[in-house]
Structures are given as C-alpha cells and as structure tokens.
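What follows is a short report on a single structure.
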Amino acid sequence: MHISIIGTGYVGLSTGVGFAVKGNEVICVDIDKEKVEKINNGISPIYEPLLEDYLKKLLKQKRFRATTDLKDAIEKTEVSFISVGTPSKEDGSIDLKYIIDASIQIGEVLKSKKEYHVIVVKSTVVPGTTENVVLKNIEKSSGKKVGKDFGLCMNPEFLREGKAMEDFLNPDRIVIGEFDKKSGDVVEKLYKNFQAPIFRTSIKTAEMVKYASNAFLALKISYANEIGNICKLLGIDVNEVMKGVGMDRRISPHFLNAGCGYGGSCFPKDVEALIRKAKELGYEPKLLEEAQELNKRQKVKLVEQLERKIGSVKNKTICVLGLAFKPDSDDIREASSIAIISKLLEKGAKVKVYDPKAMENMKKIFPQIEYASNAKKALEGSDACLIVTEWDEFKKLTDTDFGKMKNKIILEGRRVLDRKKVSNFDGICW
Ligand SMILES: NC(=O)c1ccc[n+]([C@@H]2O[C@H](COP(=O)([O-])OP(=O)(O)OC[C@H]3O[C@@H](n4cnc5c(N)ncnc54)[C@H](O)[C@@H]3O)[C@@H](O)[C@H]2O)c1
C-alpha cells in the first residue's frame, strides 16, 4: 500500500520505516527541513538501534522517502498516519496544537483530492480528541464528510524507545479504533503480515487503551519503587524480592525494576494528561497522582542519599553516568538525570557527566556542566559517582576505573554494576 506519515519523530520515523520494511511504499512528512534532509541522506535524526541500517536499505530500494511537501505526500498515498507530538501544557494537560495544525493542513489537501483517503491518528491523544478535534478540523478545512469522502481511525503505538524497530515489527497487539468498518478494514489490511492479535474497537476506546496501558506501567514502576524504598530501610535487595514477585504469572516480571524513577516522552506526560482529563470530568484520580508524586521524589532520592554519605555537595565534583531516560536512546525528555543535575547544581556541586548518545541533547539544557568523552574520564578526580542510566558499557566498569576517583563513593540509581568487578557501592533501593 502507499502510506504517508505526518510527523517524523521517534514514532513517525519508526512507523514509516517499519511499514516500508513490510513491503509498503512510504512517504514521511515533517515541517523540519533539516530532519527531512538528514533522512533522505540515510542519516537518522534520532538514535535508535537498527533504524539507520533499515533506512539506508529502503532509500536504495526507493520505497521510502521524506519530504516537507504534505500535499504531494497525501496525493500520492491512500492512508496517512498522524504522528506529531502531543506534549504537555504548563498545567499538565495535553497540548493539541500540533494535532490541530496537522488536521487543518490535511483537510486543506483533501479538499482537492478525488479519491477516498484514510486518516489514522497514531499520536497519543486523550479520549475524544480524534472525533472532537481531528475529525471536526478535517471536515471544516476540506468541506468533505467522514465516512463518505474520507475514513478515520485511531491506532495507538506501544513501541518502546531503544527498541522501537523491534517493537514496531513485533507488537504484542494491534489496536484499531475505527469510525466505520470501511476505515478499519483499510488499517487492518496494512497489518495483515504482522504476527499479532488485532483488536478492533471504537475510536474513544482505542485512545483510552493507550492511556490505561501507560498509566498501568507507570503505576507498576512506582509500586516497585515504593517497595524498594521499604526494602532499603530493611536492608533487603529489592531486585531479589522482585525476582520472586515476578515469577507470579498474574504479575509478570516486567516493569518491576526499582530505581531513580521513570522518565521519557510518554509516562510522565501521559499520566499527567489522564489526571488532568479526569479532573476536568470531576473525578480525583488519587492513585495516578500518587504514582507521579512518588516518581518525582524518587528522581532526586539519589542526591539525598549522597548527602547522607558525604555531607554537603557544595564545591564537590559529582560524576553522573548516564543522561538518556533509558539505555539505547538519545532521548532526554523528562529524564531523571535532569532532575538530579538540577538538584546538584542548586546545591553548589560541580557536575561532570558522560553518556554514550545523549550528551548533545543535554548540552542544550545544561551548557555549563562538564561533558567527558568517556566514563573513565568522567570518573577521574570526582568526589562521588551517581549512575542514572543502565547503559551496557557501564556494566564493564571495574574497581580500576573507579580507582581514578578522588573519593570512591558510588551510588547506583539503576542496577548496573557487577559486585565481582566493583567492591563497595550502594544502590538506591538495594
Ligand atoms: N516516543 C515514544 O516512545 C512514543 C511511543 C508511543 C507513542 N508516542 C506518541 O507518539 C506521538 C509522537 O511522539 P514522538 O516521540 O515521535 O514525537 P517527536 O517530538 O519526536 O516527533 C514529532 C514530529 O512531528 C513533527 N511535526 C509537528 N507538526 C507537524 C506538522 N504539522 N506536519 C508535519 N510534521 C510535524 C515535528 O517536527 C517532529 O519531528 C506523541 O503523541 C507521543 O505521545 C510516543
């Protein structure tokens, strides 16, 4: 099939490349010229394993390209996915400005398109948005009618950053919220060679499935952190506890890793958006609110732990290993490292950092801190080390590497180090 993807970020690019890998012809659209140029030159604007290799192959096969020309992309395709960002407003509610712009622009193109076209919302949007905002804006700017001139679906994306290609190509399930059967059939056809159950439902339900899934995973992590904080006081290793807990099939071993909090572009903002939506409807979602509050406290817990060990951090050099919100990604949106570095700077510490992929992004937020070219250099002369992202390369660090520190104080916010290679370190919940 011929597919266009509107918004070529983490989700849009992975979706576009993924559909092309599955044999479709894909045109990705973005308003960011630089991004489009990079993609057409075979350079991925984001770090995501496998993505650039696939991209290079597909460009050679001429089954994939990027453009800033939305009109051309819509005219040459049958289905368009909207995967623009849905960030938070200052009050935590969802900011729909990119969704509104994209819907109006799509409608303007559909005005002169004769053939039936299906629009699919892939961005995460609060229930009601696809029908009340996307549909209405497209109908208004195109003068056309949904169900007759164009189709409409909501197909939430569940991929994890760092594993985007793997997850997109091998999903657990495919959820299709459909305006009518005709639109749903087009989207189901697109996924016919994916090995996953397809769940067809209403648009509003599909929108809620995404929020309910992310909120549950965020709750699971906050639960692990709560148990972890109690374990720490009891002198018990929470990781061992969760090994035992996760063996229960009703619970599953996933998302039970205690640590210095969840970040990224999804969990914090999606849970917050759901909280705001519930409040708007007159419901107080206390459970979700506490998961978010606990997460905020958990992010800076490492700094409190450090102060209990070494006293004031003022004028001390603190090494932070890991900036990305998770390994195998360069994404720092809502990363725990940001809260930790802010707290350290507020308390007068000198901060020295290293991350294999996320340093360029972090320089835009903290240009004043020191960026080391590798972990060993970051450790040299430091008064303490905080490990914030579980990159594989940190697992290889040994006593010799930490021996270069001024004082060998090591605190893990993620389970990374090997007790056989490193003696004497402490964990946030272990
Ligand atoms: N990142 C994830 O892991 C993930 C996973 C599942 C779902 N989601 C959801 O998917 C959506 C996209 O997330 P993301 O992380 O890919 O965002 P992103 O910020 O990385 O990318 C969004 C892209 O859309 C482009 N854009 C904005 N307006 C446009 C327009 N009118 N026309 C064309 N392009 C436009 C931007 O330039 C940007 O490149 C969000 O709703 C997010 O919640 C994200």
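The values are calculated or read from the model by the stated rules, or taken from the named source; none is laboratory data. What you see is a predicted model; the values in this text were computed from it and never measured. Here Cβ is always computed from backbone atoms with ideal geometry, including for glycine, and neighbour counts include all displayed protein chains. All accessible areas refer to the heavy atoms of the entire protein, side chains included, with ligands and DNA or RNA removed. Shrake-Rupley method; radii C 1.70, N 1.55, O 1.52, S 1.80 Å.
Observations
- E272 vs. criteria farther than 30 Å from S123 by Cβ, in a helix (DSSP H, G or I) and either of a type outside the set (K, R) or within 16 Å of the ligand (Cβ to nearest atom) (or both): no
- Among (1) open to solvent by less than 70 Å² (accessible area, probe 1.4 Å); (2) within 16 Å of the ligand (Cβ to nearest atom); (3) without any contact (Cβ under 8 Å) to a residue 12 or more places away in the chain, the one test that G177 misses: (3)
- Boolean, I251 is more than 22 Å from E390 (Cα to Cα) and free of Cβ contacts under 8 Å to residues at least 12 places away in the same chain: yes
- Top-ranked residue of the stretch 83-99 - restricted to ones that are in contact with a helix residue (DSSP H, G or I) (Cβ under 8 Å, 6 or more places away or on another chain) and within 12 Å of S123 (Cα to Cα), ranked as surrounded by the fewest Cβ atoms within 10 Å (Cβ to Cβ): P87
- Those residues of the stretch 226-240 which are more than 20 Å from S336 (Cα to Cα), open to solvent by 50 Å² or more (accessible area, probe 1.4 Å) and in a helix (DSSP H, G or I), in sequence order: I230, L233, L234, E240
- A single member of G143, G184 is small (G, A, S) and within 27 Å of the chain's Cα centre (by Cα), and it is G184.
- Helices (runs of 4 or more DSSP H) enclosed by the stretch 21-106 - at least 1 residues per element that are in contact with a Gly (Cβ under 8 Å, 6 or more places away or on another chain) and in contact (Cβ under 8 Å) with a residue 24 or more places away in the chain: 51-60
- The set of residues in the stretch 219-245 being among the small types (G, A, S) and farther than 17 Å from R414 by Cβ consists of G235, G244.
- Among the candidates L50, L13, L59, residue that is more than 26 Å from K136 (Cα to Cα), open to solvent by less than 20 Å² (accessible area, probe 1.4 Å) and hydrophobic (A, V, I, L, M, F, W, C): L13
- Among residues of the stretch 302-313 being assigned to a helix (DSSP H, G or I) and of a type outside the set (K, R), the one that is surrounded by the most Cβ atoms within 10 Å (Cβ to Cβ) is L302.
- Close pairs from the stretch 401-430: first in contact (Cβ under 8 Å) with a residue 40 or more places away in the chain, partner open to solvent by 10 Å² or more (accessible area, probe 1.4 Å) and part of a strand (DSSP E or B), Cβ under 7 Å, at least 6 apart: L411/D426
- Yes/no for Y223 being in a helix (DSSP H, G or I), touching a helix residue (DSSP H, G or I) at 6+ places or on another chain (Cβ under 7 Å) and surrounded by 16 or more Cβ atoms within 10 Å (Cβ to Cβ): no
- In the set (1) within 28 Å of G162 (Cβ to Cβ); (2) in a helix (DSSP H, G or I), L256 fails one condition alone, (2).
- Of all the numbered requirements in (1) part of a helix (DSSP H, G or I); (2) open to solvent by 70 Å² or more (accessible area, probe 1.4 Å), K299 misses one, and that requirement is (2).
- Beta carbons closer than 8 Å, at least 6 apart along the sequence or on distinct chains, never pair a first residue in the stretch 198-227 that is touching a residue at least 12 places away in the same chain (Cβ under 8 Å) and closer than 17 Å to A291 by Cα with a second that is of a type in the set (K, R) and open to solvent by less than 50 Å² (accessible area, probe 1.4 Å).
- Only residues that are farther than 25 Å from K189 by Cβ and surrounded by 19 or more Cβ atoms within 10 Å (Cβ to Cβ) were counted in the stretch 62-82, giving 0.
- The stretch 110-164, residues that are part of a loop (DSSP other than H, G, I, E, B), under 15 Å from E178 (Cβ atoms) and either modelled with pLDDT under 95 or within 12 Å of the ligand (Cβ to nearest atom) (or both): K122, N155, P156
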